[in-house]
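Data first, discussion second: the structure below is written as structure tokens.
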Amino acid sequence: MNRTNSIQAYKEAVQYIPGGVNSPVRALRSVDESPLFIQKARNAWLTDIDGNRYSDYCLSWGVFILGHAHPAVNRAVHKAIGHGTSYGIPSLPETELAKLVNRHFPSMEKVRFVNSGTEAVMSAVRLARGFTGRNLIVKFDGCYHGHADHLLVSAGSGAASLPTSFSAGVPKGFTAHTVSLPFNDRKAVSRFFRERGKGVAAVIVEPVPANMGVVLPQNDFLQHLRTLTKQADSLLIFDEVITGFRLSIGGAQQKWEIVPDLTTLGKIIGGGFPAAAFGGRSDIMALLAPDGPVYQAGTLSGNPIAMTAGIETINQLSHPDFYTDLAQKTTWFFNALADDIAHKDIRLNQTDSMFTLFFTGESVNSFADAKRTDTERFKRFFKHMLSRNIYISPSPFEANFLSSAHTEKELCHFLKAIKDFE
Ligand SMILES: Cc1ncc(COP(=O)(O)O)c(C=O)c1O
């Protein structure tokens, strides 16, 4: 595979951009590769600037559940751009998207749009603290909630490869009110709430963590969090930046039938544009400026192009058969995949259209388990898949995604490639 142009482009990029990238995992350091530079993408395929094509299982980190460049989304966006690209004054698509969010996530009685998942989480946490008058935030090891200072504690995703569980540049005091506990450990959370529950403003959780790789909640863990937070008058925040519109049209909360107090959404909701949202109970959201004293704002928040892409994406997802068709395909794929890896010391963790292959013989239910994955073997796996024109998420601690645009042909190609991997 000739990657001369990408290698040259990277050499130039590092002269101007730290590490040559605008988000660390893209540098492909954890798989000892040089980044691909992408020229275009359509359906399930990426094309790099050397003309190589890859079937894509990263999908812009879970954004493209419809595949890249979906024609209906593109049409709507082109039309919207013709009207202008940002007003800094309210426009109708903001209310339209808020209504759609509320329809599918009834717990989000009020919604505010922002530009990234990081912003959504940061604002939800501020609101939770403002509402409860408490400071403590409980999160879980290996969950990633964006790069706000106070949440970079034992975080997953790219932060999992930091030399310590904290980021440099974050004063100790900024994380003094953040506690990280092991995911799926009911006892640890119960113990913590017995001792300090009355000081907890909120528990924030990825209901199905995807940033330590996909890990499923066990033994009613989410229900347990709901019960404990209610008892302690703390809030429960579901960070559904990945799971929202991915696990079902109503996200993990619909699937697990749990009503959080606040929810954050990102990725799919922007249809490939920078948009995210946080929302929840009206009495909590009422504290937000301009109605209340918790300040939050954004120049490009509710951007009409991003709102339009989100609206059209959700319209597509609302087709009655969308999720059943996707489930049919993913169930077939995951069954075949499970067979193919049966004797390879690889664990498949999957739900709906997202999955991770952990290179370990033991089941993975926490960050500590995930860290047992053989990272050297993962590197070889990534390179092997890339050589077969398959782009998977470039870290052992990330999720992979399927879209409605992946055809049986592409999925069979993936299965064949994994069969050939030793
Ligand atoms: C669960 C979760 N929350 C928050 C974020 C942060 O979102 P963003 O990268 O848009 O800031 C991410 C990003 O991957 C995420 O997966």
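Computed from the coordinates by the stated procedures, all read-outs in this text should not be read as laboratory data. Everything quoted here is computed from the prediction, not taken from an experiment. Cβ placement follows ideal geometry from the backbone for every residue including glycine, while neighbour counts extend to all protein chains displayed.
Things to note:
- As a rough guide to protection, the peptides 286-293, 380-387, 257-264, 340-347 ranked by mean Cβ packing within 10 Å, highest first, stand as 257-264, 380-387, 340-347, 286-293.
- Tail fraction, Cα-Cα pairs, region 48-92, threshold 11 Å, whole percent: 76 percent
- Under Karplus coefficients 6.51, -1.76 and 1.60, residue-wise ³J(HN,Hα) of region 142-148 in Hz, glycine/proline x: x, 7, 10, 10, x, 10, 5
- Gained length - Ser318 relative to Lys99, 0.36 nm times residue gap less alpha-carbon distance: 77.5 nm
- Size descriptor, Kirkwood hydrodynamic radius, that averages inverse alpha-carbon separations across region 1-79, Å: 13.8 Å
- Computed over the alpha carbons of the chain, Rg followed by Dmax gives 20.9, 60 Å.
- Fluctuation leader among Gln296, Gln39, Gln253 - the chain, Gaussian network, Cα springs under 10 angstrom: Gln39
- Pairs of alpha carbons in region 71-317 whose separation is greater than 29 Å (percent): 26 percent
- Sites Glu195 and Ser363, calculated FRET efficiency, Cβ-Cβ separation with R0 30 Å, nearest 0.05: 0.50
- In range of the label at Ile17: residues from region 372-403 whose backbone nitrogen is under 20 Å from the point 7 Å along Cα→Cβ: 391-395
- Of all DSSP beta bridges confined to the chain, the antiparallel ones make up roughly 55%.
- Under 11 Å from the Lys419 label point (7 Å along Cα→beta-carbon), backbone N, region 340-363: 340
- Take the Cβ atoms of Cys412 and Ser167, set R0 to 51 Å, and the FRET efficiency comes out at 0.80.
- Restraint check, Lys187/Lys383; Lys187/Lys379; Lys187/Lys255; Lys110/Lys329, Cα-Cα greater than 29 Å: Lys187/Lys383; Lys187/Lys379; Lys110/Lys329
- Cα centre as origin, Lys/Arg/Asp/Glu Cβ charges: the chain dipole, Debye: 460 debye
- For Thr178, the amide hydrogen comes within under 5 Å of the amide hydrogens of Ile137, counting only partners 5 or more places away or on other chains and with H modelled in the peptide plane.
- DSSP-assigned coil residues among chymotrypsin sites (Phe, Trp or Tyr not before Pro) in region 1-88, each with at most 13 further Cβ atoms within 10 Å: Tyr16, Tyr87
- Across region 355-362, rounded Karplus estimates of 3J(HN,Hα) from the backbone phi angles (6.51 cos²θ - 1.76 cosθ + 1.60, θ = phi - 60°) give 7, 9, 9, 9, 8, 8, x, 9 Hz, Gly and Pro being marked x.
- Gained length - Arg53 relative to His177, 0.36 nm times residue gap less alpha-carbon distance: 40.0 nm
- Region 151-236: C-alpha gyration tensor shape, a/c 1.5 cut-off, then a/b vs b/c: oblate
- Most simply put, region 71-317 has about 35% antiparallel DSSP beta bridges, counting only bridges with both residues inside it.
- Alpha-carbon centroids, region 180-207 and region 7-72: separation in whole Å: 37 Å
- Candidate cross-link partners of Lys172 among the aspartates and glutamates, defined by an alpha-carbon separation under 16 Å and a same-chain spacing of 8 or more, comprise Asp149.
- Cα gyration tensor shape of region 354-400, rounded if a/c is under 1.5, else prolate or oblate by comparing a/b with b/c: prolate
- Lys255-Lys187 pseudo-label distance in nm [points 7 Å out on the Cα-to-Cβ vector]: 2.8 nm
- Note on Met1 and Arg75: the model spin-label points, each 7 Å out from Cα along the C-beta direction, lie 3.4 nm apart.
- Stokes-Einstein diffusion coefficient of region 48-136, Kirkwood radius over Cα pairs, 25 °C, 0.890 mPa s, in µm²/s: 146 µm²/s
- The Cα atoms of region 1-151 give a gyration tensor whose axes a ≥ b ≥ c have a/c of 1.5 or more with a/b no greater than b/c, which makes the shape oblate.
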